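Have a look at the structure below before the remarks.
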Amino acid sequence: MKQPLILILAMSTNLLFATSSVAQEPISIIEAANITEPEKVALGKMLYFDPRLSKSGYISCNSCHNLATAGVDSLATSIGDQWQQGPINSPTVLNSRYNIAQFWDGRAKDLKEQAGGPIANPKEMGSTHSLAVTTIASIPEYQKLFADNFDNNAISIDTITDAIAAFEETLVTPNSPFDQYLMGNKQAISSNTINGYRLFKEVGCVGCHNGPAAGNNMYMKMGVVKTFVTTNPAIGRQALTGKAIDKNVFKVPTLRNIELTYPYFHDGSVWTLEEAVTIMADIQLGKKLSEKDTQDIVLFLQSLTGDQPQIVLPILPPSNKNTPKPTPFIL
Ligand code: HEC
Ligand code: HEC
């Protein structure tokens, strides 16, 4: 699904998106969650918040994808087991169901495959799949919930990640002011915000940031026109494909809830939307925006903040004498 760079360079947004009808706007609305398996979702939510999936007994998915802060940790790069600093910025889990694939370089094909990664990553939760399974399986309440939700009853990394992915599927943010505008409420956003959206299309941002998530549906080079200056060692999709052409090619991130998910870019080096927009215009499009145009685009980006998932903290079942003890890290 990787789009050739030629495409974006040659692309005229007017040609691709030359229509004013709402249905054919390049950004479409976020749908409300359609929950078909509420019990599996509830189990996945417990696991998402359960720090016992980590070796230390201290780190949960929510540590780095905090649902009180739009599914991110608000750090340049994440902190994991042994207080180790991770190599890259934590993307939001909100609306991750719309992602073409998971991770900045797309190396996990879906949410289920992704969820196994951090549990066993020594720089993240620092556990192993077998320790995580033994821990969860030692708890009778979890045994019952897995039996209720999975045909073969078994607690395995497969069923654990399946349940977590079912929960993540529900983490969507519908009803943003911009979506209300798309649905026909012309008063939902200001005229400056509408101008920001017009500019977003006109200058070419929309060539990469489109679809319901305003991103997350293609891979593109970071630094099409000018090099992105960073000390971060990530090389993007080249790490997967080994091809020189994939150097610094990353998944185009979602712009949904972007006001809440600072700092920006894979190295987390930029803390304001004004700066992020200025850099994007410069290095992706070779354009210098006026202060007013930048401000209007920022207003548009802020209008993409939707209703945040309303989370009631799950109450987790207690450990017992069979549960492996946590190994907290001491400096
Ligand atoms: C120590 C911090 C940390 C923990 C704990 C953690 N993550 Fe992440 N997560 C990250 C980072 C950093 C990335 C980006 C890594 C990359 O792209 O190479 C990421 C990526 C993701 C993505 C991909 C999002 C996207 O847009 O590509 C999802 C989904 C996700 N994590 C879910 C989870 C789940 C579920 C758990 C618990 C099982 C979890 N994470 C635990 C830091 C963490
Ligand atoms: C050629 C494709 C492309 C174009 C055009 C483009 N972007 Fe991006 N955008 C990306 C990619 C790729 C990233 C992630 C880069 C990284 O961190 O390595 C990104 C990141 C961002 C981010 C930070 C997201 C985050 O969560 O860290 C913002 C904000 C953003 N773009 C806004 C814009 C705006 C506004 C424009 C137009 C002025 C624009 N982009 C034009 C591809 C593009």
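Here are some notes:
- Summed side-chain charge close to S191 - residues other than S191 whose Cβ falls under 15 Å, Lys, Arg +1, Asp, Glu -1: +1
- Dipole magnitude (debye, nearest 20) for the chain, charges at Cβ of Lys, Arg, Asp, Glu: 720 debye
- Principal axis dimensions, largest first and in whole angstrom, of the chain by Cα: 64, 43, 33
- About its Cα centre, the dipole of region 38-169 is roughly 200 debye, where the only charges are +1 on Lys and Arg Cβ and -1 on Asp and Glu Cβ.
- DSSP beta bridges confined to the chain are antiparallel in about 90 percent of cases.
- Spacing of the modelled spin labels on L240 and E113, each 7 Å from Cα toward Cβ, amounts to 0.8 nm.
- Around T305: net Lys/Arg minus Asp/Glu count, Cβ-Cβ under 15 Å: -2
Every number here is computed from the coordinates shown, using simple stated rules; none is lab data. Please read these numbers as outputs of a predicted model, since none were measured by experiment. Glycine gets a Cβ as well: all are built from the backbone with ideal geometry, and neighbour counts include every protein chain shown.
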